[in-house]
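The values are calculated or read from the model by the stated rules, or taken from the named source; none is laboratory data. As the structure is a computational prediction, the values presented were derived from the model and not from experiment. Cβ coordinates were reconstructed from backbone atoms using ideal geometry, including for glycine residues, and neighbour counts include every protein chain displayed.
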């Protein structure tokens, strides 16, 4: 009895799943993987499907083919072609180098992320040059997240003889990815079949867009996209597409605007209560943003320093990032603009700094479609500068303005020096710079749109 229990404990369904997929002649459906694993050992867990799905998803060398089947990753990508653009700057670097995008690294080192069971995931690969010479390419880490190769002498002799220019490219073919065997070719930009190249870019972009849109709730990264495109056969065409980072950027922007279209853009008018003349801002914020995120938008748009507690009030409900004394509050990260304004609500209030009590009226003016090419959130209007923090609320701010405007005021010198320390010597209460606000709003943007990356701000 004890021996049987011990044997059960030693069963690894992850290992059995790997054995089944690796020994299969080709990609096989999920149900067939389950059947074969069960034939090797009964799957007696509470949820057999979840057990096998977890085994598949946690194994880097088991990849989906995009049609419900799964295969052994190195065999799936054998026969694929990847483009590696060349840069004269990199070739003249000391030592010279060629930089890889994630698709090239995934093709040539498919076990790069598979640290659990393989010890050859970064080893040099065998390459055949067009003249029949065989050499190796190493995988070398440069600065940041950049990888590439420093090459070997035969490689550099061959490449330098071609006198490459910017825009030329290496074409890497996986002869046998499981055996680490590859073949290189050289493509001059001026000799490229542009029509075929554009067609491949469009075809691969469509697949990438569908993949990224379906995964938008979980997010995606370039190397996962590269893995999916390679495993699903998108690089089997002899004319490889542009580097995966460029595909990712373009598809990421499209996913972003589709999400914006689904959520809508909320046009909000923010007014500082009691200010005369009025101090106001008009902002555009995605409807799926939380009130926790809106807090940062208000801080930046108005010009506050986020140095004090805050609270939203929606009807009788108090909403904040943190619990406030004995007040019953709802976590602002759980409430979106769409939730707040879903029914008839068109007005909420926002209080910043419970000592100075800066009260803001926030009114929903409209829900508009996103404008392609624009970044959200965005400020589209406003008047007058924000008061400095800690000046005593709206009444204190009015007294401050009177004092600094009158050289004969008994507190003129003291308050002028204090204001200079808070806002600089050039503070003008009548000036509002919308461009500066939008530059700072971009820093709290949940997507970095200038390069398409899907980078989230957790608030």
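Taking strands (runs of 3 or more DSSP E) as the structural unit, those lying wholly within region 231-330 and holding at least 2 residues that are within 20 Å of the chain's Cα centre (by Cα) correspond to 280-286. Filtering region 60-70 to residues that are within 19 Å of residue 121 (Cα to Cα) and surrounded by 21 or more Cβ atoms within 10 Å (Cβ to Cβ) leaves 61, 62, 63. If you scan region 220-249, which residues turn out to be over 19 Å from residue 66 (Cβ atoms) and out of contact with any helix residue (DSSP H, G or I) (no Cβ under 6 Å at 6 or more places or on another chain)? Across region 220-249, the qualifying residues are 238, 243, 246, 249. When 426, 413, 356 are checked against the criterion of being assigned to a loop (DSSP other than H, G, I, E, B), out of contact with any strand residue (DSSP E or B) (no Cβ under 9 Å at 6 or more places or on another chain) and modelled with pLDDT under 90, 426 stands alone in meeting it.
Restricting attention to region 339-373, the residues being crowded, with 19+ Cβ neighbours inside 10 Å and closer than 11 Å to residue 272 by Cα number 6.
Has region 382-397 got at least one residue that is touching a residue at least 40 places away in the same chain (Cβ under 8 Å), part of a strand (DSSP E or B), under 26 Å from residue 283 (Cα atoms) and under 41 Å from the mean Cα position of the chain (by Cα)? Yes, region 382-397 has at least one match.
Residue-wise test of (1) at pLDDT below 95; (2) over 16 Å from residue 295 (Cα atoms); (3) not assigned by TED's automatic domain parsing to the domain that holds residue 271.
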{"residue": "310", "(1), (2), (3)": "yes, no, no"}
{"residue": "315", "(1), (2), (3)": "yes, yes, no"}
{"residue": "324", "(1), (2), (3)": "yes, no, no"}
{"residue": "350", "(1), (2), (3)": "no, no, no"}
{"residue": "361", "(1), (2), (3)": "no, no, no"}
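Within region 239-272, the set of residues being touching a strand residue (DSSP E or B) at 6+ places or on another chain (Cβ under 6 Å) and closer than 29 Å to residue 194 by Cα comprises 240 only. Out of all the residues in region 213-220, is one or more out of contact with any strand residue (DSSP E or B) (no Cβ under 7 Å at 6 or more places or on another chain), at pLDDT 95 or above and assigned to a loop (DSSP other than H, G, I, E, B)? Within region 213-220 (the criterion being out of contact with any strand residue (DSSP E or B) (no Cβ under 7 Å at 6 or more places or on another chain), at pLDDT 95 or above and assigned to a loop (DSSP other than H, G, I, E, B)), the answer is no, since none of the residues qualifies. Can residue 367 be described as under 30 Å from residue 253 (Cα atoms) and in contact with a strand residue (DSSP E or B) (Cβ under 7 Å, 6 or more places away or on another chain)? When the stated conditions are applied, residue 367 passes them.
Yes/no per residue for (1) in a strand (DSSP E or B); (2) in the same structural domain as residue 222 (by TED's automatic domain parsing):
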site: 143; (1), (2): no, no
site: 160; (1), (2): no, no
site: 174; (1), (2): yes, no
site: 207; (1), (2): no, yes
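In region 16-34, which residues are without any contact (Cβ under 8 Å) to a residue 12 or more places away in the chain and loosely packed, with under 14 Cβ neighbours inside 10 Å?
23, 25, 31
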